[in-house]
Amino acid sequence: MAKQKASKKNYKNSRKSKYSHYSRNETVAIREVIERFLIVCEGEETEPNYLRSFRVPKDVIDVRGLGEEPSKLVKEPIKIRDKEDNNDLVWCVFDN
C-alpha cells in the first residue's frame, strides 16, 4: 500500500494569501470605549494641579482636591458616586 503525502499549500510561493477568502471591502463598526475617572486627592491644589497637567481629555477625568485626611478621603467618593453616576473608576490619591 502506497502512502500518500498530505499536500500542503505553500502560501509563501503562491500568489494567494491564506487570508484571500476574506473580503477587504468589508467594514467593521468600531466603537471607542471611553472610561471616565474620578480622582479624589488629599491636597487641595498640588495633587489636582499635577494630575490635570497630564494630556488627557477633560471629559475623561474629574480631579477633585478635598483637603481631607486619608480616612475621610476614602469615604467621600462614595458620597460623590451616590450623587453622580457618571464615573467608571474612582481613584484616591494621598501620601502617607
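How many of the residues in region 69-88 are at pLDDT 85 or above and under 17 Å from ARG52 (Cβ atoms)?
Matching residues across region 69-88 total 0.
Cβ contacts < 7 Å: first residue under 14 Å from VAL90 (Cα atoms) and at pLDDT 85 or above, restricted to region 53-68; second residue surrounded by 10 or more Cβ atoms within 10 Å (Cβ to Cβ) and of a type in the set (S, T, N, Q), any location; separation 6+ or different chain. Result?
The qualifying pairs are ASP62/ASN87.
Going by what's in this entry, would LYS72 be described as out of contact with any His (no Cβ under 6 Å at 6 or more places or on another chain), among the basic types (Lys, Arg) and more than 16 Å from CYS41 (Cβ to Cβ)?
Spelling it out, it is not the case that LYS72 is out of contact with any His (no Cβ under 6 Å at 6 or more places or on another chain), among the basic types (Lys, Arg) and more than 16 Å from CYS41 (Cβ to Cβ).
Just to be sure, is LEU89 free of Cβ contacts under 8 Å to residues at least 40 places away in the same chain and surrounded by 10 or more Cβ atoms within 10 Å (Cβ to Cβ)?
no
If only one of ARG52, ARG36 is of a type in the set (Lys, Arg) and over 16 Å from ILE80 (Cα atoms), which one is it?
It is ARG52.
Counting just the residues of region 65-96 that are part of a strand (DSSP E or B) and touching a Pro at 6+ places or on another chain (Cβ under 7 Å), which one comes out nearest to LEU38 (Cα to Cα)?
Taking the candidates together, the pick is VAL90.
Could you please give the count of residues in region 51-66 that are touching a strand residue (DSSP E or B) at 6+ places or on another chain (Cβ under 9 Å) and of a type in the set (S, T, N, Q)?
So the count comes out to 0.
Only one of GLY43, GLY65 is in contact with a Cys (Cβ under 7 Å, 6 or more places away or on another chain) and among the small types (Gly, Ala, Ser); which?
GLY65
The values are calculated or read from the model by the stated rules, or taken from the named source; none is laboratory data. All figures in this text were calculated on a predicted structure; none of them were measured in a lab. Cβ coordinates were reconstructed from backbone atoms using ideal geometry, including for glycine residues, and neighbour counts include every protein chain displayed.
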